[in-house]
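A.B. asks: Starting off with a structure, shown below.
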Ligand SMILES: Cc1cc2nc3c(=O)[nH]c(=O)nc-3n(C[C@H](O)[C@H](O)[C@H](O)COP(=O)(O)O)c2cc1C
């Protein structure tokens, strides 16, 4: 018998699979289906400070090795999202992670305070969005100082444990991770989408996405996600949710071996369907059984030894 429960900053997950942010929205009914399909935890789509339409369609395009998306952080009003979140926290039997973003340090703190009233197991700050206060509008998450200030602002506003989601689009992911850990983050999710990339419709001679460029996810980014998690495991003590390109139980085992304590599943929900959570868990159990592992913690970080 193998045991696949895992621990994330003191929160027990029945298995290491976590629905990644933004894949299936914030609606209670959908999160409930994911929990019933066997996920160890669920993450909402990033809740923003205001209702947002996002980019016009098409916003997602499949490429031979992954998805390109330019959803543009579309979301319902924070009040609507809050009601769905509250219901999910109350009724689901798995931990709920509330992903959110804002456009300023103060905005992150204010929204964190509001969302915390729903008592999610964790907040997950998506710091890959553009900083409207910076001169160039670059993403907060590419600057260690800005990332640390956001974490400080959130930590001053709430006692709910904080996960910070990092972008891989930086030269040195270690320094961002160090900055957010020093500022008080309780865990890290790595990685958000990579890129941007683009797809061109050869017949039409035009970009496929209305936004032209989109973030890349799925199998193409798995090697990048593995490298980021491997580096982070050496740099920080807080737990890591390894996310990016996980499609199978063996992919998940590799991510755990790189140093993740749990794993985000995003694009695979689209390619394999909602049953992917229980399927990946069975595959992991089979892998562990064949390889002689009895607990998830025996896999975590083993590739560093
Ligand atoms: C359609 C789509 C929407 C996404 N929306 C969000 C989001 O709202 N917030 C966020 O932090 N990440 C978002 N992501 C990124 C995923 O949570 C995940 O980090 C990324 O897709 C890599 O994992 P994967 O290869 O398993 O999909 C989105 C990804 C996709 C494909």
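None of the figures in this text is laboratory data; all of them are computed from the coordinates on show. The model shown is predicted, which means the values in this text are computed figures rather than measured ones. Because the Cβ atoms are built from the backbone with ideal geometry, glycine has one as well, and the counts that use them run over all protein chains shown.
A.B. asks: Pulled fully out, how much extra length does the chain show between residue 53 and residue 303, if you take 0.36 nm times their separation in residues and subtract their Cα-Cα distance?
C.D. replies: That pair, residue 53 and residue 303, stretches by 85.7 nm at full extension.
A.B. asks: Only Cα pairs under 8 Å and at least 6 apart count here; give the relative contact order of the range 214-300 as a rounded whole percent.
C.D. replies: Worked out over the range 214-300, it gives 29 percent.
A.B. asks: Is the C-alpha gyration tensor of the range 42-170 telling us rounded, prolate or oblate? Criteria: a/c under 1.5 is rounded; beyond that, a/b larger than b/c is prolate, otherwise oblate.
C.D. replies: It comes out oblate by the Cα gyration axes.
A.B. asks: Related question: Put a dot 7 Å past each Cα toward the Cβ at residue 171 and residue 91; how far apart are the dots in nm?
C.D. replies: The two pseudo-label positions are separated by 5.0 nm.
A.B. asks: While we're on this one: Between the range 166-233 and the range 58-108, what's the alpha-carbon centroid distance in Å?
C.D. replies: What the calculation gives is 17 Å, centre to centre.
A.B. asks: Once every Cα of the chain carries one equal point scatterer and solvent is ignored, give the base-10 log of I(q)/I(0) from the Debye formula at q = 0.09, 0.15 Å⁻¹, two decimals.
C.D. replies: Result of the Debye calculation: -0.40, -1.18.
A.B. asks: So if R0 is 30 Å, what FRET efficiency would residue 14 and residue 63 give, r being the distance between their Cβ atoms, rounded to the nearest 0.05?
C.D. replies: That gives a FRET efficiency of 0.35.
A.B. asks: Continuing with the same structure: Considering the Cα positions of the range 159-206, please state its Rg to one decimal place and its Dmax as a whole number of Å.
C.D. replies: Over the range 159-206's Cα set, Rg and Dmax evaluate to 16.5, 54 Å.
A.B. asks: Arrange the following residues from fewest to most other Cβ atoms within 10 Å of their Cβ: 294, 104.
C.D. replies: Least to most surrounded, the residues fall as 294, 104.
A.B. asks: Next question. What's the exposure ranking of 150, 200, 163, going from fewest to most Cβ atoms within 10 Å?
C.D. replies: With the sparsest Cβ surroundings first, the list reads 200, 163, 150.
A.B. asks: While we're looking at this one, here's another question. Counting other beta carbons within 10 Å of each residue's own, what order do 206, 237 fall into, fewest first?
C.D. replies: Listing 206, 237 from fewest to most nearby Cβ atoms yields 237, 206.
A.B. asks: Rounded to the nearest 500, what is the chain's calculated 222 nm mean residue ellipticity when only DSSP H runs of at least 4 contribute -39500 (n - 2.57) each, over all residues?
C.D. replies: Mean residue ellipticity, 222 nm, calculated: -10500 deg cm²/dmol.
A.B. asks: Continuing with the same structure: Please identify, among 171, 193, 17, the residue showing maximal mean-square fluctuation in a Gaussian network model of the chain using a 10 angstrom Cα cutoff.
C.D. replies: Fluctuation is largest for 171.
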